[in-house]
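Undergrad: This is the structure I have questions about; it appears just below.
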Amino acid sequence: MDRRTVIKILGGALPALYLRKKSFGMETWGKVPFKPDWSSLEQYQVPRWFRDAKFGIWAHWGPQCQPERGDWYARGMYEEGSDQYKYHIKKYGHPSVFGFKDVINEWKAEKWDPEALMDLYKSTGAQYFMALANHHDNLDLFKSQHHKWNSTNVGPKKDLVRGWAKAAKKRGLKFGVSVHAAHAWTWYETAQRADQNGPLKDVHYDGKLTKADGEGKWWQGYDPQELYAQNHPLSKGSEEGHTIHGQWHWDVDSGVNIPAESYCENFKDRTLELINNYHPDVVYFDDTALPLWPISNVGLEIAAHYYNKSARENKGKAEVVINGKILNEQQRKCMVWDIERGQSDKIEPEPWQTCTCIGAWHYDRRIYDNNHYKSAKTVIHMLVDVVSKNGNLLLSVPLRGDGSLDDKARAVVEGIADWMKINAESIIGTRPWRVFGEGPAQEDAPELHAQGFNEGRGKPFTSDDIRFTQKGNTLYAIIMGVSDKKSFRISSLGKEKANQKVVNKVEILGHNGDVKYKQNNEGLHVFIPEGVVQHNIATVLKIT
């Protein structure tokens, strides 16, 4: 009798039931408190380590960084007339001859040094590190028994996830993996196309190739259909590039082509293998809620397995985190809500995360050439604002195709590290105060839509904007920016607003001398001592 039959017979009535399970050739026994349904997953509690962490670094790095032409390259190169299509033809040739599988073959990651990079990331005060495990391009960046197209067989011929995990854990960082491959089914539909114009009109791109076509080629023995997952009819409206966004939620009424059960099960097997063999502390899913939900239950099964595995290893408590996007109220109790390139405008009742990048998700040389990286100041302001609202910031730092970090991106990371060396105590291990802040920027905070994308749409922060965090009896007031003012008034700390709580001491982080202040009904008035230079990013007042 298999596990599902046992659960069905018992009606899930015994959450502490010990069941026998078979996984990857090994049989184990364990406590199984979570079932693969939303109501059961509501038992989940966000671990304290994640609530304390506040800041993580992400290497959103894979074969799509090799061309250095930006996000979603493996899709855009098959869109006739697009920038990436034109770039691809100029650099590599026509996508009927040189497809994305061939870009993977050129990707060697020859300058990748995870040990040196992790030293740099550790210096920023980041508490966790996230590695890309696969993207919509469907290449696994780890050794997989369930997917031949992985980085130990092709491309770099290295176990990239293993290298990242070893470097992160050696330095005491929690380790995460991001999983994006569930959407390859529709995302790669562009690879089935053919030019509609020009000398190669109606010549199919390489998304139509099969294993038999590889005879005598570098990819002999590999089936392109296992990479491109394109042996199926196109989704309705697939010829229009923007249609995929309306079909991201697997809504059958949208005309999306529903993945085969074998595709869903293979995704599940690959993801469970990743979890079981690499033991990540965080799994980030680039999906609405969970992968392939609601057309398949595999996402729920993966989540239950992951929480149960951790609970067995941690005396009954799941000490791991799942990130998901566009979550309803119930789902936000089951995992940690991730907002992409955006943030909430209020203190959220449950811990959450913003993910963003200093440039493009996949390396784009034009951003470097045109000096368009986010500054350290912009990143720190975002971090402070997010933390004041009960969130974490996961920051992607783009790597070049060869695995190296360019000098301008390095300068941004070093700028973050410089600020955090002085002020990390106002971020790491803190909790929101009764209000997240005050000042003009909050009055123009942009509304949040869908999975995010509201960053940079509000007023920029100035020294008139203050954000609050707290740790025990200590309150941190973080002044966003620098001014020539010699004093600051914090209205939220007026005696009446502070419920008559009396301030006993004010300090400036990074300054050892006394700081004068007075507190009345109008607020707490803090006087900057002579000779103290305000930090050009943010100055932190430590208030006891």
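The values are calculated or read from the model by the stated rules, or taken from the named source; none is laboratory data. Values in this document were obtained by computation on a predicted structure and should not be read as measured data. With ideal geometry, Cβ positions are generated from the backbone for all residues, glycine too; neighbour counts draw on all protein chains shown.
Undergrad: Out of Ala445, Ala538, I need the residue that is small (Gly, Ala, Ser) and at pLDDT below 95. Which one?
TA: Just one listed residue meets the conditions, Ala445.
Undergrad: So, in segment 460-494, exactly how many residues are of a type in the set (Asp, Glu), crowded, with 18+ Cβ neighbours inside 10 Å and over 20 Å from Ile380 (Cβ atoms)?
TA: Of the residues in segment 460-494, the ones of a type in the set (Asp, Glu) are 464-465, 484.
Next, only the ones that are crowded, with 18+ Cβ neighbours inside 10 Å stay: 465.
Add one more test, that the residue is over 20 Å from Ile380 (Cβ atoms), and what stays is none.
Adding up the residues that qualify gives 0.
Undergrad: Separate question: Condition first: within 30 Å of Pro259 (Cβ to Cβ) and in contact with a helix residue (DSSP H, G or I) (Cβ under 8 Å, 6 or more places away or on another chain). Can you find one or more residues in segment 311-320 that meet it?
TA: The answer is yes; a qualifying residue exists.
Undergrad: Identify all residues within segment 143-173 that are of a type outside the set (Gly, Ala, Ser) and under 18 Å from the mean Cα position of the chain (by Cα); write none if there are none.
TA: Matches in segment 143-173: Leu160, Val161, Trp164, Leu173.
Undergrad: List the number of the failed condition for Ile302; all other conditions in (1) at pLDDT 95 or above; (2) buried (at least 22 other Cβ atoms within 10 Å of the Cβ); (3) in contact with a Gly (Cβ under 9 Å, 6 or more places away or on another chain) hold.
TA: That leaves (3) as the condition not met.
Undergrad: In addition: Quickly run through segment 44-57 and pick out the residues that are part of a loop (DSSP other than H, G, I, E, B), surrounded by 15 or more Cβ atoms within 10 Å (Cβ to Cβ) and not basic (Lys, Arg). First the steps, then the outcome.
TA: Kept after step one, since they are part of a loop (DSSP other than H, G, I, E, B), are these residues of segment 44-57: 44-47, 54.
Subsequent filtering for residues that are surrounded by 15 or more Cβ atoms within 10 Å (Cβ to Cβ) retains 44, 46-47, 54.
Passing the criteria: Tyr44, Val46, Pro47.
Undergrad: With the condition being among the hydroxyl-bearing types (Ser, Thr, Tyr) and under 28 Å from Val379 (Cα atoms), I'd like the strands (runs of 3 or more DSSP E) fully within segment 252-354 carrying at least 2 qualifying residues.
TA: In segment 252-354, 282-288 are the strands (runs of 3 or more DSSP E) which contain 2 or more residues that are among the hydroxyl-bearing types (Ser, Thr, Tyr) and under 28 Å from Val379 (Cα atoms).
Undergrad: Out of the residues in segment 196-221 that are out of contact with any strand residue (DSSP E or B) (no Cβ under 9 Å at 6 or more places or on another chain) and outside any loop (DSSP other than H, G, I, E, B), state the one that is surrounded by the most Cβ atoms within 10 Å (Cβ to Cβ). Walk me through it before giving the result.
TA: Step one: filter segment 196-221 for residues out of contact with any strand residue (DSSP E or B) (no Cβ under 9 Å at 6 or more places or on another chain), giving 196-199, 206-207, 209-221.
With the extra rule that they be outside any loop (DSSP other than H, G, I, E, B), the set shrinks to 206-207, 211-214.
Details: Asp206: 23, Gly207: 25, Lys211: 14, Ala212: 7, Asp213: 14, Gly214: 16.
Residue satisfying both the conditions and the ranking: Gly207.
Undergrad: Oh, and also: With a cut-off of at least 3 residues that are more than 30 Å from Gly415 (Cα to Cα), name the helices (runs of 4 or more DSSP H) lying wholly within segment 114-195.
TA: Here the list reads 184-187.
Undergrad: Among the residues of segment 227-245, which ones are surrounded by 15 or more Cβ atoms within 10 Å (Cβ to Cβ) and not in a loop (DSSP other than H, G, I, E, B)?
TA: Residues satisfying the conditions are Leu227, Tyr228, Thr243, Ile244.
Undergrad: Determine, yes or no, whether Asp338 is within 29 Å of Pro291 (Cβ to Cβ), acidic (Asp, Glu), in contact with an Asp or Glu (Cβ under 7 Å, 6 or more places away or on another chain) and buried (at least 20 other Cβ atoms within 10 Å of the Cβ).
TA: It is false that Asp338 is within 29 Å of Pro291 (Cβ to Cβ), acidic (Asp, Glu), in contact with an Asp or Glu (Cβ under 7 Å, 6 or more places away or on another chain) and buried (at least 20 other Cβ atoms within 10 Å of the Cβ).
Undergrad: Turning to a different aspect of this structure: Tell me, yes or no, whether segment 337-349 has at least one residue that is over 15 Å from the mean Cα position of the chain (by Cα) and within 24 Å of Pro280 (Cα to Cα).
TA: no
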